[in-house]
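One structure is given here, and the rest of the page talks about it.
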Amino acid sequence: MHSVHYQRPFLYPYQKTILDSPARFTVTEAATKVGKTTSHIIWLFEQAIQRRPGQSVWWVAPVYTQAKIAFNRMRRYVFNLKGGATNAFFKINETNLTLTLPKGGVIAFKSAEKPDNLYGDDVYAAVFDEFTRAREESWHALRSTLTATGGKCKFIGNVKGKKNWGYLLAQRAKAGEDNYAHFKISAYDAADAGLTTKDGRPFKEEVEAAKKDLPESVFKELYLAEAMDDGTNPFGYNFIQLCVQPLSTMQPVCFGIDLAKTTDYTVIVGLDKNGSVCWFDRFQKDWMQTTSIIKTLPRNTPIAIDSTGIGDPIAEDIARAMNNVELFKFSSSSKQQLMEGLALAIQARKITFPQSEEKMPPHHAGHIKNELENFEFEYTRTGVRYSAPPGLHDDCVCALALARHKFGNTSGWGKYSVW
Ligand SMILES: Nc1ncnc2c1ncn2[C@@H]1O[C@H](COP(=O)(O)OP(=O)(O)OP(=O)(O)O)[C@@H](O)[C@H]1O
Ligand SMILES: [Mg+2]
């Protein structure tokens, strides 16, 4: 009585080839916005309708919010397929992000943040979305769940430098590893196939606009799906490495402070007269404690402090109590300028910071280098944005950039462009 009449929706040929690949594992390196997620939602649904009660298929994304977005897209999508009928097709569990089909198959949406949560179940098919942004352990965990079932897994993502397991996996797939198939979709492939933007313009227009706005290496990664050594990192891995020096023991001449917002950290960075990091603190405390810690910093040393949003009253309170405090508001353009200044300093080796380590306590100054390496450009409708990838922090980068800004103001560097 639960017969499902399913007709596959329209797919572009480049999407169809991937979905219909006989390979157990497909690894797709693709440009942004070419329909990776959309097409794989369709595939996972097709896998789920073949399942019996209690059998699961998984959608895995690097962080919870992304898993939730896919969950909502799947719901909406099937609702639309049914012509907006009011009797629900899925049994929906909002808490666990699961959708149960009439025949009993379950589609579960999972976050890869804690690989431990990915062990356990027998999984009959999986999609790993944005795999180049997730940790390798999460793939190991997912892989173990596919063993008993011989389940298929499809990887989709943008390329993101060459320093991640996802890149290596794609290379192996490309080299013809057993059971793997490799696919690459550039923005031009998608444009040639007739993809349009959400507002109905040819995709090519969007691609050409991005090409004008973006540094070449960023464009190559996001639109040509070609991994670059530095790719979307605005500082450059080699340059970052060249700036590593032990924590200085000299006196600070300026500070940069990034205040914690909701889930992140307050970070204090001090630079000595050579531009070397000589002071570092990173913590999560309430506003009272945060304020009093900051007020114990050397009185007359210039400070630039992030006063964006909810940080504003705290920053003002600090500014009243101390001398030499500059309140700095982050907007997309002020952040861009600040980060370009930092990139310039790093590329000219005018700033140094300590080495990072495998497992660091929260207050370890090595977090600076870690965050610099993970930091990225993002291209959006409204322009280029600088930020940490989803699920990661950029407070150290912001504090360092603010310290550099203060340092730059006192030492009078020339202004020239980063690219
Ligand atoms: N087969 C299709 N038919 C109609 N529209 C499509 C199709 N494939 C993709 N699209 C549209 O293209 C846009 C981008 O799709 P999607 O979000 O799946 O891309 P993506 O490659 O996952 O992007 P991102 O880089 O943001 O992860 C969406 O508006 C989607 O509706
Ligand atoms: Mg996507």
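Remarks
- Residue 219 being hydrophobic (A, V, I, L, M, F, W, C), at pLDDT below 95 and surrounded by 13 or more Cβ atoms within 10 Å (Cβ to Cβ): yes
- Complete set of residues in the stretch 24-62 that are open to solvent by 10 Å² or more (accessible area, probe 1.4 Å), of a type in the set (Val, Ile, Thr) and within 15 Å of ligand 1 (Cβ to nearest atom): 32, 37, 38
- Verdict on residue 154 being basic (Lys, Arg), open to solvent by less than 20 Å² (accessible area, probe 1.4 Å) and in contact (Cβ under 8 Å) with a residue 24 or more places away in the chain: yes
- Restricting the first member to the stretch 162-180 and to residues that are open to solvent by 80 Å² or more (accessible area, probe 1.4 Å), and the second to residues that are modelled with pLDDT of 95 or more and part of a loop (DSSP other than H, G, I, E, B), the beta-carbon pairs closer than 7 Å and six or more apart or on different chains are 179/23; 179/24.
- Matching residues, the stretch 309-320, being free of Cβ contacts under 8 Å to residues at least 24 places away in the same chain and either of a type outside the set (D, E, K, R) or assigned to a loop (DSSP other than H, G, I, E, B) (or both): 313, 319
- Taken together, the residues in the stretch 196-216 that are in a loop (DSSP other than H, G, I, E, B) and either surrounded by fewer than 13 Cβ atoms within 10 Å (Cβ to Cβ) or β-branched (Val, Ile, Thr) (or both) amount to 5.
The values are calculated or read from the model by the stated rules, or taken from the named source; none is laboratory data. Not measured: the values here are computed from a predicted model. Every residue, glycine as well, gets a Cβ built from its backbone with ideal geometry; the counts of neighbours run over all protein chains shown. These area figures cover heavy atoms from the full protein model, side chains too; ligands, DNA and RNA do not enter into them. Shrake-Rupley method; radii C 1.70, N 1.55, O 1.52, S 1.80 Å.
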